[in-house]
Amino acid sequence: MDRRDAAWYVDKIAQWLVFAGGISAIVFIAGIFIFITREGLDFVLGPLSLGEFFTSIAWRPTSNNPTYGALALIVGTASVTGFAMLLSVPLSLGAALFIAEFATGKTRETLKILVEMLAAIPSVVWGFVGFSIMNPLIIRTFDVPVGLGVLNAGLILGLMAAPIMTTIAEDALKAVPDTYREAAEALGATRWEVIFKVVIPASRNGLLAAVLLGVGRGFGETMAVLMASGHAINLPTSPFDSVRALTATIASELGDTVNGGDHWGSLFTLGILLFVVTFLINLTADLVVRGIRKK
């Protein structure tokens, strides 16, 4: 075997490895969905009442007369995630703009390192911050009896999502060619005009991806939300109300269920709901990005 034959085999092996790495994500996602669906399908086709599931707040799967109303869990998850996005989206995009367009030299590198360090903090540590620091701070500041609720969990979740969103948004902004900026400046545009009329429109696909990743992080976060939200089944009417999230419910109850029972199936049904919501978010993002590209 000469060198050309050896190079050909190496090239083919590399192609197959890259292909296997790319297709593995699809295989893993499909496998997870099949597993979750298989575990929850008997419950979905049997005792589950869709009317009760989506309209009732009575989540009592272990009572003598069990009920499986998930409305409060869905609203709790959505309220915490929505509040977190109100905080993290402007904070993340502002930080990304500063790092990409204004910071230079050591300042930029230091900020990027600090942002990446924040992203590496475990979620349970954020949960401790919410429980031990934010809880008494909210009680003293707003004179409320309990500081564990939508406000606390939303703040913690927003701070958790912000570093990842900032990193992706900064990469999207830096990917805009410098020739775009130079052309706009040559036409007399100011620094802010270049940013808002050239850089942001050119990088909106990446910025949208950053925001959607933050939304996905919000829906999928478990431990920090469990510790900071109060974990109470409740339809929130103010930011200080305690709530319970879908993920926190699965994490706290799965260990106490009987394998194959109705309670077991109801928790996997919550998992199916989370999977479907995440899929719809990604599908919407793909449709939006395609629409932007056509324009």
So is Gly206 in contact (Cβ under 8 Å) with a residue 40 or more places away in the chain and farther than 27 Å from Pro136 by Cα or not? no
For Glu109, the lone unmet condition from (1) touching a helix residue (DSSP H, G or I) at 6+ places or on another chain (Cβ under 9 Å); (2) loosely packed, with under 13 Cβ neighbours inside 10 Å is (1)
Scan segment 220-257 for residues that are open to solvent by less than 30 Å² (accessible area, probe 1.4 Å) and hydroxyl-bearing (Ser, Thr, Tyr) and jot them down. Ser229, Ser242, Thr247, Thr249, Thr257
Hey, could you check segment 194-242 for residues that are among the hydroxyl-bearing types (Ser, Thr, Tyr) and in contact with a strand residue (DSSP E or B) (Cβ under 6 Å, 6 or more places away or on another chain) and say which is farthest from Ser252 (Cα to Cα)? Ser242
Considering each residue of segment 18-66, count those that are open to solvent by less than 50 Å² (accessible area, probe 1.4 Å), within 20 Å of Pro236 (Cβ to Cβ) and not in a loop (DSSP other than H, G, I, E, B), and give that number. 2
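Residue-by-condition table, conditions (1) part of a helix (DSSP H, G or I); (2) open to solvent by 70 Å² or more (accessible area, probe 1.4 Å); (3) among the aliphatic types (A, V, I, L, M):
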site: Glu116; (1), (2), (3): yes, yes, no
site: Ile121; (1), (2), (3): no, no, yes
site: Phe128; (1), (2), (3): yes, yes, no
site: Pro145; (1), (2), (3): no, yes, no
site: Ala153; (1), (2), (3): yes, no, yes
site: Leu157; (1), (2), (3): yes, no, yes
site: Ala172; (1), (2), (3): yes, no, yes
site: Thr179; (1), (2), (3): yes, yes, no
site: Ala183; (1), (2), (3): yes, no, yes
Scan segment 173-181 and give yes if some residue there is more than 25 Å from Thr77 (Cα to Cα), touching a residue at least 24 places away in the same chain (Cβ under 8 Å) and of a type in the set (Val, Ile, Thr), otherwise no. yes
So which of Ile233, Ile195, Ile200, Ile168 ends up being within 22 Å of Leu287 (Cα to Cα) and either modelled with pLDDT of 90 or more or outside any helix (DSSP H, G or I) (or both)? Ile200
Looking at Gly214 and the list (1) open to solvent by 20 Å² or more (accessible area, probe 1.4 Å); (2) not in a loop (DSSP other than H, G, I, E, B); (3) not β-branched (Val, Ile, Thr), which single condition is not satisfied? (1)
Could we say that Leu87 is within 27 Å of Leu270 (Cα to Cα), modelled with pLDDT under 95 and touching a helix residue (DSSP H, G or I) at 6+ places or on another chain (Cβ under 6 Å) here? yes
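The values are calculated or read from the model by the stated rules, or taken from the named source; none is laboratory data. Nothing here was measured: the structure is a model prediction, and the numbers come from that model. Don't worry about glycine lacking a Cβ; one is built from the backbone with ideal geometry, like all the others, and counts go over all protein chains shown. Accessible surface is based on the protein model in full, side chains and every heavy atom, while ligands, DNA and RNA are left aside. Shrake-Rupley method; radii C 1.70, N 1.55, O 1.52, S 1.80 Å.
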